[in-house]
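Just below is one structure, and these are the notes that go with it.
The values are calculated or read from the model by the stated rules, or taken from the named source; none is laboratory data. This one's a predicted model, so the numbers in the text were calculated from it and none came from an experiment. FYI the Cβ positions are ideal-geometry reconstructions off the backbone, even for glycines, and counts take in every protein chain you see.
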Amino acid sequence: MVSRSMTPYGAIRDAAIGIVGDRLTFVGPLKSLPAGPEDCAQTVIRLGGAWVTPGLVDCHTHLVFAGNRAGEWDARMRGRSYEEIAFAGGGILSTVRATRAASEDVLAESAAERASAMARQGVTTIEVKSGYGLDLENEMKMLRAAARVGERAHVRVLRTFLGAHALPPEYKDDRAAYIDLVCQQMIPTIAREKLADAVDGFCETIAFTPTETERVLAAASAHGLRVKLHAEQLSDSGGAILAAKYAALSADHLEYLSDAGVAAMARTGTVAVLLPAAFYFLRETRKPPVEALRRACVPIAIATDCNPGTSPVASPLIALNLACTLFEMTPEEALAGMTRNAAHALGLGSEIGTLEAGKSADLAIWNISDPAELAYWIGADLLRDRIISGRSDKHGRTP
Ligand code: DI6
Ligand code: FE
């Protein structure tokens, strides 16, 4: 069985999937194959009715970082707030200190372990953001480490430059100078050296104002890079409207998204990336406006936001569960959010995210009898095999 649109989950019963090299060449009912499977292919793998979905796409992670923030979390459990800790120089900046001190090897190694955990849950594509270096050298180190994660963990990695994640301590008295550095040195260098596929920023009271963020988005666009934005996570700063103005691939978090923000995203086809694990871990109470997004036909993606501060979660399937239990999404919507819509949030909608002839052969094969199980179980081991660019974890290259 494979998934497509129309019937629930777009399921096709008694299906066959053809793969040549790294591409899907056939996805449809077994009986519409021109001949028997053995006559159509050199190698036939019979799955015995197993569910097959597109490989999962985690379209928002901060997978590369050093250290952890368990101590800070302990303080939060005793009543301190995330914002308080950030304003006191902890939070993102404590991970910046640890990440600057770590070698590229150490960063690549620890991120690859987290990516491997995700791969064991069916992930074939992971977006990885920088943003814990906050100077050119350390941001480049993070992006190079991110590229190595792909080889180590056998996943496709997309890289996003997040220099505007927090104000580094050396610029605490000169915010404009840091934005100048991001726009005039970091973005041009990263674009020239092809170290990132997109640019992101954190538009928030504890990070950058809309005016500062706009300079970053404008510089990214001027250098031919698509943009994404952390918007409306802790307050309504108008980030989503700004993101839409720059035709952003996605605006992410969105708990405090306004009606005007929803409308702006609908106009530009900007994907709403919801991050229910961060909502959960911060004990946020304000939910993103899922119903308004649905009504406006804004595509909704779900991601882990894996990071040491607000979402120490390397489990995409738990993120699916939280999307359903906390945001009242259906299991089918959640799965579409981590496949088709997540692919769009990365600008890869024509390449991955659905099972269609011509796309990359990225599949997850599951030990389940109902696709709702992907969002239902917490902590179960559901994956049977993964195929990425035509290569199976269990069988190697498919012919
Ligand atoms: N929002 C988040 O949830 C993460 N970054 C962001 O802009 C948190 C990153 C961290 O706390 O380390
Ligand atoms: Fe994030």
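State which residue pairs qualify: first residue over 12 Å from Gly309 (Cα atoms) and at pLDDT 95 or above and inside region 62-81, second residue within 16 Å of ligand 2 (Cβ to nearest atom) and assigned to a helix (DSSP H, G or I) in any location, beta carbons under 7 Å apart, and separation of 6 or more residues or different chains.
Val64/Ala111; Val64/Met142; Val64/Ala146
Answer with yes or no whether Asp105 is surrounded by fewer than 21 Cβ atoms within 10 Å (Cβ to Cβ), among the acidic types (Asp, Glu) and touching a Ser or Thr at 6+ places or on another chain (Cβ under 7 Å).
On the way: surrounded by fewer than 21 Cβ atoms within 10 Å (Cβ to Cβ): yes; among the acidic types (Asp, Glu): yes; touching a Ser or Thr at 6+ places or on another chain (Cβ under 7 Å): no.
Judged against the criteria, Asp105 is not a match.
Given Ala146, Ala153, which one is small (Gly, Ala, Ser) and under 26 Å from Val216 (Cβ atoms)? Spell out how you get there, then give the answer.
Numbers: Ala153 fails: under 26 Å from Val216 (Cβ atoms).
One residue alone meets the criteria, Ala146.
Going through region 289-320 one residue at a time, which ones are surrounded by fewer than 24 Cβ atoms within 10 Å (Cβ to Cβ), on the phi < 0 side of the Ramachandran plot and more than 16 Å from the chain's Cα centre (by Cα)?
Residues satisfying the conditions are Pro289, Val290, Glu291, Ala292, Leu293, Arg294, Arg295, Ala296.
Which is over 23 Å from the mean Cα position of the chain (by Cα), modelled with pLDDT of 95 or more and of a type in the set (A, V, I, L, M), of Leu195, Leu181, Leu162? It would help to see each step written out before you state the result.
Numbers: Leu195 fails: over 23 Å from the mean Cα position of the chain (by Cα); Leu162 fails: over 23 Å from the mean Cα position of the chain (by Cα).
Unique residue meeting the criteria: Leu181.
Any residue at all in region 18-32 that is under 31 Å from the mean Cα position of the chain (by Cα), aromatic (Phe, Trp, Tyr) and at positive phi?
Checked against the condition, which is being under 31 Å from the mean Cα position of the chain (by Cα), aromatic (Phe, Trp, Tyr) and at positive phi, region 18-32 yields no hits at all.
Does Leu33 satisfy being farther than 30 Å from Glu139 by Cβ and surrounded by fewer than 21 Cβ atoms within 10 Å (Cβ to Cβ)?
yes
Testing Ser258 on (1) buried (at least 18 other Cβ atoms within 10 Å of the Cβ); (2) farther than 20 Å from Thr160 by Cα, one condition comes back false. Which one is that?
The number of the failed condition is (1).
Going by the conditions given, is Ile85 more than 30 Å from Ile12 (Cα to Cα), within 15 Å of ligand 2 (Cβ to nearest atom) and touching a helix residue (DSSP H, G or I) at 6+ places or on another chain (Cβ under 8 Å)? Outline the logic, then answer.
Details: more than 30 Å from Ile12 (Cα to Cα): yes; within 15 Å of ligand 2 (Cβ to nearest atom): no; touching a helix residue (DSSP H, G or I) at 6+ places or on another chain (Cβ under 8 Å): yes.
The answer is no for Ile85.
Taking only region 179-231 into account, find how many residues are more than 15 Å from ligand 1 (Cβ to nearest atom), of a type in the set (Lys, Arg) and either in contact with a Ser or Thr (Cβ under 8 Å, 6 or more places away or on another chain) or more than 21 Å from Ala146 (Cα to Cα) (or both).
1
If you take the residues of region 231-261 that are in contact (Cβ under 8 Å) with a residue 60 or more places away in the chain and under 21 Å from Ala218 (Cα atoms), which of them is nearest to ligand 2 (Cβ to nearest atom)? If you could, list the steps in order and put the result at the bottom.
Just the residues of region 231-261 that are in contact (Cβ under 8 Å) with a residue 60 or more places away in the chain, to begin with: 234, 249-250, 252.
Next, from what is left, pick out any that are under 21 Å from Ala218 (Cα atoms): 249-250, 252.
Numbers: Leu249: 14, Ser250: 11, Asp252: 6 Å.
If we take residues in region 231-261 being in contact (Cβ under 8 Å) with a residue 60 or more places away in the chain and under 21 Å from Ala218 (Cα atoms), then Asp252 is nearest to ligand 2 (Cβ to nearest atom).
What are the residue pairs meeting all of these: first residue in region 204-221, first residue at pLDDT below 95, second residue surrounded by fewer than 18 Cβ atoms within 10 Å (Cβ to Cβ) and not charged (D, E, K, R), Cβ atoms under 9 Å, and 6 or more apart or on different chains?
So the pair list comes out as Thr205/Ser235; Ile206/Phe87.
Take the residues in region 265-288 that are among the polar types (S, T, N, Q) and surrounded by fewer than 24 Cβ atoms within 10 Å (Cβ to Cβ), then tell me which one is nearest to the chain's Cα centre (by Cα). Talk me through it step by step, then tell me what you get.
So in region 265-288, the residues among the polar types (S, T, N, Q) come out as 268, 270, 285.
Narrowing the set further to residues that are surrounded by fewer than 24 Cβ atoms within 10 Å (Cβ to Cβ) leaves 268, 285.
Working: Thr268: 20, Thr285: 22 Å.
Out of the qualifying residues, it is Thr268.
Go through (1) away from ligand 1 (no atom under 14 Å from the Cβ); (2) touching a strand residue (DSSP E or B) at 6+ places or on another chain (Cβ under 9 Å) and name the single condition Thr325 misses.
That leaves (2) as the condition not met.
Which residues, taken from region 220-232, are crowded, with 23+ Cβ neighbours inside 10 Å and either more than 29 Å from Tyr82 (Cα to Cα) or among the small types (Gly, Ala, Ser) (or both)?
The initial filter retains those residues of region 220-232 that are crowded, with 23+ Cβ neighbours inside 10 Å, namely 220, 227-232.
Hits for region 220-232 are Ala220, Ala231.
Just one of the numbered conditions (1) touching a His at 6+ places or on another chain (Cβ under 8 Å); (2) away from ligand 1 (no atom under 16 Å from the Cβ); (3) under 30 Å from Arg76 (Cβ atoms) is not true of Gly353; which one?
Single failed check for Gly353: (3).
With the requirement that a residue be of a type in the set (A, V, I, L, M, F, W, C) and surrounded by fewer than 24 Cβ atoms within 10 Å (Cβ to Cβ), what does region 36-71 give you?
Initially, region 36-71 is screened for residues of a type in the set (A, V, I, L, M, F, W, C), giving 40-41, 44-45, 47, 50-52, 56-57, 59, 63-66, 70.
Matches in region 36-71: Cys40, Ala41, Val44, Ile45, Leu47, Ala50, Trp51, Val52, Ala66, Ala70.
From the list Arg100, Arg114, Arg78, which one is farther than 30 Å from Ala16 by Cα, buried (at least 17 other Cβ atoms within 10 Å of the Cβ), more than 12 Å from ligand 1 (Cβ to nearest atom) and more than 20 Å from the chain's Cα centre (by Cα)?
Details: Arg114 fails: more than 20 Å from the chain's Cα centre (by Cα); Arg78 fails: buried (at least 17 other Cβ atoms within 10 Å of the Cβ).
Only one candidate passes the filter, namely Arg100.
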